[in-house]
1. Can you list, largest first and rounded to whole Å, the semi-axes you get for segment 297-452 by taking the square root of 5 times each eigenvalue of its Cα gyration tensor?
2. Quick check: convex hull over the Cα atoms of segment 369-452, volume per residue in Å³, rounded to an integer?
3. Applying 1/(1 + (r/R0)^6) with R0 = 30 Å to the Cβ-Cβ distance of Lys290 and Ala356, what FRET efficiency is obtained, to the nearest 0.05?
4. Whole angstrom only: what separates the Cα centroid of segment 158-174 from the Cα centroid of segment 211-268?
5. Could you name the lysines whose alpha carbon sits less than 26 Å from that of Lys318, not counting residues in the same chain fewer than 8 places away?
6. Pairing the Cα long axis of helix 365-375 with the longest principal axis of the chain, what angle in degrees results, from 0 to 90 and rounded to the nearest 10?
7. Any idea what the relative contact order of the chain is, in percent, if you count C-alpha pairs under 8 Å spaced at least 6 apart?
8. In whole angstrom, and with the biggest value first, how far do the Cα coordinates of segment 255-361 range along each principal axis?
Amino acid sequence: MSSVIFISSPINTFNTLSDSAGGVTGTAIRGELRVPGDKSISHRSVMLGAIAQGITEVSGFLQGEDNLATVDAFRAMGVDILQHSDTELTITGVGLHGLQAPRTTLDLGNSGTSIRLLSGLLAGQKFASVLTGDSSLQQRPMRRVTEPLAAMGAAIATADGGTPPLSIAASSGLRAIDYVMPVASAQVKSCLILAALYAEGVTRVTEPAPTRDHTERMLAGFGCPLGREGDTVVVDPRDIRLRACKVDVPADISSAAFFMVAASIVPGSDLLLRHVGVNPTRIGVINILKQMGADIEMGAVREIGGEPVADIRVRCAKLHGIDIPPEQVPLAIDEFPAIFIAAACAEGETVLTGAAELRVKESDRIQAMADGLIALGVDAVPTADGMVIRGGVRIGGGEVDSHGDHRIAMAFVMAGLVAEAPITIRDCGNVNTSFPDFITLARSAGVNVEAV
Ligand code: S3P
């Protein structure tokens, strides 16, 4: 049996330990669990609740650091947000034109979704604002939002290199655009949808491939359905008015993904993941793992608050390498760290292409994962837009650096379940950005994790 030691120290190091020399199997991952709420949907519930009229009640909210950064930003703009329990919030909406100028810079921490969506919302306000974040966020590309916003008439300055901080001038009015996005990005699409609520005329945003559509679905829940013409979202802001509603946030498929991989690779596993969001724009991880031979069943599929939800059963299965279909890439964009661990355990070669976006996430996820896998003895070759992994041989021990990226850290914890020797994972503090109770939940499923 291998065990995982999770060390929460000032340098945020996790250690994984293996106590079996040679052939290794982890503890079977069994039982039922519900991972925390969806990060993307939680952000949007606060943003739309803030600009709606009336009191929005949110349940299942993710108390991750990223979402709390969004909450803090809206509080700084005069929105009353009350927390009633770990997962329940109420937001007293101030209406489309009721936000107040923040007195200080809005610090969005590690959260790309907060800064990109807020840049669209704030581009339409009559007050100026400055948005920034931590050292990782300050390296992330923002021209993808500032350029189309400038075409709408916004004045936004970035640091050299097109990175945060973003200084947004008070708006003297935005105009609609017809925009074809060069990258498949739900953050860019959502940023422009929010800006379009404040623009004169009808905005059209065309995506090169389908991306998560939580903004569109939630706007419909707030009484503002958008138009759709093929790949194009149509926003007509005339007479627009958001009405407060109830938002039930499902469990985050991106957090569930780590456990899907864990249960797939550890013999004897049989895990039920409850109430997981299975929006078709997010289920690339299920499609890819199933193509690799995983035994994953979606049961009790239902629709809650405009989002499909299911209970997902995962049993251990023999995985094999595949060429990952390019159309699945945007649908699994956050799950590749976990998928790479599955690929390392799969017999044969897995090839990912068309995923250059992974290089500009919370870390360069292609390089960070390849470096870590190579350190553990896995045959992984990074490419400009993906990776080639020859898996199924062995995963050894060693030291890996998560580069402050929550998903890299959690992915390598799952590698610890089947590693032959201890793994030390550095710089893991940001797991709290998306999965505050990771250790407790992982332990409850049979992952031997300890905080020391
Ligand atoms: C998100 C969209 C994705 C994803 C991110 C959350 C969102 O980013 O990686 O974690 O909530 O809209 P891109 O749309 O830039 O790919």
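The values are calculated or read from the model by the stated rules, or taken from the named source; none is laboratory data. Bear in mind that the values here come from a model prediction, so they are computed numbers and not experimental data. Here Cβ is always computed from backbone atoms with ideal geometry, including for glycine, and neighbour counts include all displayed protein chains. We work out accessible area using only protein heavy atoms, side chains counted, and drop any ligands, DNA or RNA first. Shrake-Rupley method; radii C 1.70, N 1.55, O 1.52, S 1.80 Å.
1. Values for segment 297-452, descending: 23, 21, 17 Å.
2. Spread over its residues, the Cα hull of segment 369-452 gives 103 Å³ apiece.
3. 0.75
4. Cα centres, segment 158-174 to segment 211-268: 27 Å.
5. Result set, ordered by chain and number: Lys290.
6. Here the helix axis deviates by roughly 10 degrees.
7. 20 percent
8. The principal-axis extents, from largest down, are 37, 34, 19 Å.
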